[in-house]
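Taken together, the values in this text are just the output of simple stated rules run on the coordinates, not laboratory data. Nothing here was measured: the structure is a model prediction, and the numbers come from that model. Don't worry about glycine lacking a Cβ; one is built from the backbone with ideal geometry, like all the others, and counts go over all protein chains shown.
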Ligand code: FES
């Protein structure tokens, strides 16, 4: 459009357009092209023979499947099961595909080839149907008696108006809730606290932990804590003893294990499921929720899955009686990452 086009020009153009006939003509149907089978009797016969052959293939396939089922029963060996399954599958495939392809070929080559046009009917219902629908609604309202029962009307309106509050009020209450996530930074593990079996609470001696064994661990005396269930949810640990030669330990973590015994948070760093499926040969720990996999032999680093960081480690040692004890809390906050984490 040139710079000196005026509003009047635009209006005039719009009016001119309105005066134009329809821009796109209905192209209609393309000219009818007769098929070979319509004009050539030999082609018609050929198409018929093809359809018959396809149905015959279907018959042979079905018979073949039955023969495979009855005449070649599997003797239980993998090889015979394979063979029977292959022949059965082949027979069924030919039986079904033969019918399908024959039907399509028959329709395309031999059935009548008249093009038909079916106009769409208007979407709008006719006036009588619309009036009937409105009458149904009116009858329903009249049946309910709501117009002449004032108290009932008030009760319905009150119930409908108040019902959303049961959802809205708790949500509004959350606005002022304790959103301080610092409580997730620490657990009840502390220096000298013994590692105990979950759920009995019996403390564990290092000498009880054999190579390859797995212990589900809680802090000793957990049941005496306030809110012990919440504390347990954060403090659960999976402890494994490996051959120390299999362990790959970072320089600053060399003294966090004890003679091959390592302890890691059981809370998945993806979205917090308990990670407790230990694969002894690979030393992999699998989370059942979304298959995050952690390598216990290498700092519980993520080797597969959606988790983005290693499981936090609980540094451990033994006390003078030989019981396993924590050296401190976990090395970092347990569980899924959250927005106020420092690391
Ligand atoms: S919670 Fe463990 S992988 Fe998702």
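Test residue 319 against the criterion of being more than 13 Å from the ligand (Cβ to nearest atom) and under 20 Å from residue 231 (Cα atoms), and give yes or no.
Working: more than 13 Å from the ligand (Cβ to nearest atom): yes; under 20 Å from residue 231 (Cα atoms): no.
The answer is no for residue 319.
On the stretch given as segment 242-296, residues that are in a loop (DSSP other than H, G, I, E, B) and within 15 Å of the ligand (Cβ to nearest atom) total 15. Against the numbered list (1) closer than 19 Å to residue 296 by Cβ; (2) under 32 Å from the mean Cα position of the chain (by Cα), residue 213 comes up short only at (2). Collect the residues in segment 92-107 that are free of Cβ contacts under 8 Å to residues at least 24 places away in the same chain and under 16 Å from residue 38 (Cβ atoms), keeping them in residue-number order. The answer is 107, and nothing else.
Among the residues of segment 224-241 satisfying the criterion of being in contact (Cβ under 8 Å) with a residue 40 or more places away in the chain and in a helix (DSSP H, G or I), which is nearest to residue 314 (Cα to Cα)?
Filtering segment 224-241 for residues in contact (Cβ under 8 Å) with a residue 40 or more places away in the chain gives 231, 234-235, 237-240.
Subset that is in a helix (DSSP H, G or I): 231, 234-235.
Working: 231: 15, 234: 12, 235: 10 Å.
That would be 235.
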